[in-house]
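Novice: Quick one: this structure, given as structure tokens, is what I'll be asking you about.
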Amino acid sequence: MTRRFSGDPVDPTLIVELCDVARRAPSAGFSQGSHLLVVHGDLLAEFWTVSGADTWFAPRFPELLQASVVVLALADETAYLGRYSQPDKVGRGLSERESWTVPYWLTDTAMVVQNLLLLLEERGLGALYFGLGEEPARLMAHFGVPDHVRPIGAVAIGVRASHDRASGSGRPARRKPLAEVVHVGRW
């Protein structure tokens, strides 16, 4: 994850093209309830301020605010509930939110974000996925996102600063050994 951007511009048209590829992630029932909102230009300053992310990042990683684009990852559960109310899916019993043991609107949107992160890396661009705080309703209203669409997170995108170095969370941790996370046959 990149936490220091150079401030050099990134063409938003390229980001939209990458979003087009990223959105081809799996979609339960082909519900297609994942959305990406590309924020750039003058609206980018509004994003940082309205989201409060500027207050969080400025003292810790001020160069993060030099990102050229932010993509908001959004999930629409009504697309899934509606799709699973259709005649070919209604027998699955998933037309009500409570019936979903795993909310695939979140899972599918996470896969779209993962695709986008991989595509950005392939293009040599820096990116940081981050959460939008506890109550992002004001941000969603500011950008005209319908009330029933839920924000999952944001991806800051830009050209990495030459002095950016890989860094993880504030608490150093080692990667778990393979045997601790991959279980073959039985746990």
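The values are calculated or read from the model by the stated rules, or taken from the named source; none is laboratory data. Since the model is a prediction, treat every value here as computed from it, not as a measurement. A quick note on method: Cβ atoms are made from the backbone with ideal geometry, for glycine too, and the neighbour counts reach across all protein chains shown.
Novice: In the stretch 2-29, which residues are assigned to a loop (DSSP other than H, G, I, E, B) and either touching a strand residue (DSSP E or B) at 6+ places or on another chain (Cβ under 8 Å) or under 13 Å from Ser68 (Cβ atoms) (or both)?
Specialist: Quick first cut of the stretch 2-29, residues assigned to a loop (DSSP other than H, G, I, E, B) only: 2-4, 6-11, 23-27.
Matches in the stretch 2-29: Thr2, Arg3, Arg4, Ser6, Gly7, Asp8, Pro9, Val10, Asp11, Arg23, Ala25, Ser27.
Novice: Further question on the same structure: Could you list all residues from the stretch 58-83 that are touching a Gly at 6+ places or on another chain (Cβ under 6 Å) and farther than 30 Å from His40 by Cβ?
Specialist: Within the stretch 58-83, just Arg83 meets the criteria.
Novice: In addition: Tell me which residues, restricted to the stretch 1-49, are surrounded by 16 or more Cβ atoms within 10 Å (Cβ to Cβ), modelled with pLDDT of 95 or more and of a type in the set (Val, Ile, Thr).
Specialist: Within the stretch 1-49, Val10, Ile15, Val38, Val39 qualify.
One line per residue, one yes/no per condition, for (1) within 23 Å of the chain's Cα centre (by Cα); (2) farther than 20 Å from Pro146 by Cα; (3) hydrophobic (A, V, I, L, M, F, W, C):
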{"site": "Thr78", "(1), (2), (3)": "yes, no, no"}
{"site": "Tyr84", "(1), (2), (3)": "no, yes, no"}
{"site": "Trp105", "(1), (2), (3)": "yes, no, yes"}
{"site": "Val112", "(1), (2), (3)": "yes, no, yes"}
{"site": "Leu117", "(1), (2), (3)": "yes, yes, yes"}
{"site": "Leu120", "(1), (2), (3)": "yes, yes, yes"}
{"site": "Arg123", "(1), (2), (3)": "yes, yes, no"}
{"site": "Gly126", "(1), (2), (3)": "yes, yes, no"}
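Novice: Report whether or not Arg97 is within 15 Å of the chain's Cα centre (by Cα), of a type outside the set (Asp, Glu) and surrounded by fewer than 20 Cβ atoms within 10 Å (Cβ to Cβ).
Specialist: On the way: within 15 Å of the chain's Cα centre (by Cα): no; of a type outside the set (Asp, Glu): yes; surrounded by fewer than 20 Cβ atoms within 10 Å (Cβ to Cβ): yes.
Spelling it out, it is not the case that Arg97 is within 15 Å of the chain's Cα centre (by Cα), of a type outside the set (Asp, Glu) and surrounded by fewer than 20 Cβ atoms within 10 Å (Cβ to Cβ).
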